Amino acid sequence: MSNTSNKNRVYKDGRTFWGVIKTMMEELKIEQEKQKFIPEDLNLKVGYKMDDIDFNHTVIIEEGNILAKEGILDDADVVIKVSSQMFHDMNIGKISSMQALTSSLFEFEKGDMGKVLLAGTMPTMIYYRKACEIHCIK
């Protein structure tokens, strides 16, 4: 999926990546409590499979809350297979999600684009970048 060599990739393992995702979710939760930007009627579970670091996680948006759990939940609405580097590059703005999609840099294993577009309305990129700064990841 990605032609980035192992030596140049940001994440060498799932443990480091999971630390960034947990921090991102903590930051999002704090901001959600202040701004209420997640609609209470939006319910969506998006799983991410990252074979390059042997790590999977699911982002859960329910009743105005957002959180992440390790693994792909059986009832995930969408499952996306993506390298950790491509996930990183999209979330720091190095490549747009639309460009990655049209270039087949990730694939849908389950679900449809409409549901992914719903998830795309969440301001996760801002908090991912903040989490990367906290963890000293560039």
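The values are calculated or read from the model by the stated rules, or taken from the named source; none is laboratory data. Quantities reported herein were computed from a predicted structural model and do not represent experimental measurements. Reconstructed Cβ throughout: ideal geometry from the backbone, glycine too, with neighbour counts over all protein chains shown. Surface areas here come from the heavy atoms of the whole protein model, side chains and all, with no ligands, DNA or RNA. Shrake-Rupley method; radii C 1.70, N 1.55, O 1.52, S 1.80 Å.
Points worth noting:
- Take each peptide in 10-18, 29-37, 48-56, count the other Cβ atoms within 10 Å of every residue, and average; sorted highest first, the result is 48-56, 10-18, 29-37.
- Gyration tensor over alpha-carbon atoms, the chain, equivalent ellipsoid semi-axes in Å: 22, 18, 14
- Relative contact order (%) - region 42-138, alpha-carbon pairs under 8 angstrom, separation at least six: 24
- Annotation: for a label point projected 7 angstrom from Cα along Cα→Cβ of GLU62, no residues of region 15-38 have a backbone N closer than 16 Å.
- Accessible area per residue in Å² at 1.4 Å probe, computed on region 6-138: 55
- Within straight-line reach of LYS110, meaning a Cα separation under 16 Å, sit the following lysines at least 8 residues removed in sequence or on another chain: LYS45, LYS49, LYS81.
- A 1.4 Å probe, protein heavy atoms only, puts the accessible area of MET98 near 110 Å².
- Label-point separation, ASP41 to GLN99 (7 Å along Cα→Cβ), nm: 3.6
- Residue among PHE87, THR124, ASN8 farthest towards the positive dipole end of the chain, charges placed on Cβ: ASN8
- Ligands, DNA and RNA left out, the 1.4 Å accessible surface of the chain is 48% carbon and sulfur atoms.
- Based on DSSP H segments of at least four residues, each scored -39500 (n - 2.57), the chain has a per-residue ellipticity at 222 nm of -12000 deg cm²/dmol.
- Sorting LEU73, LEU42 by solvent-accessible area of protein heavy atoms yields LEU73, LEU42, largest first, with a 1.4 Å probe.
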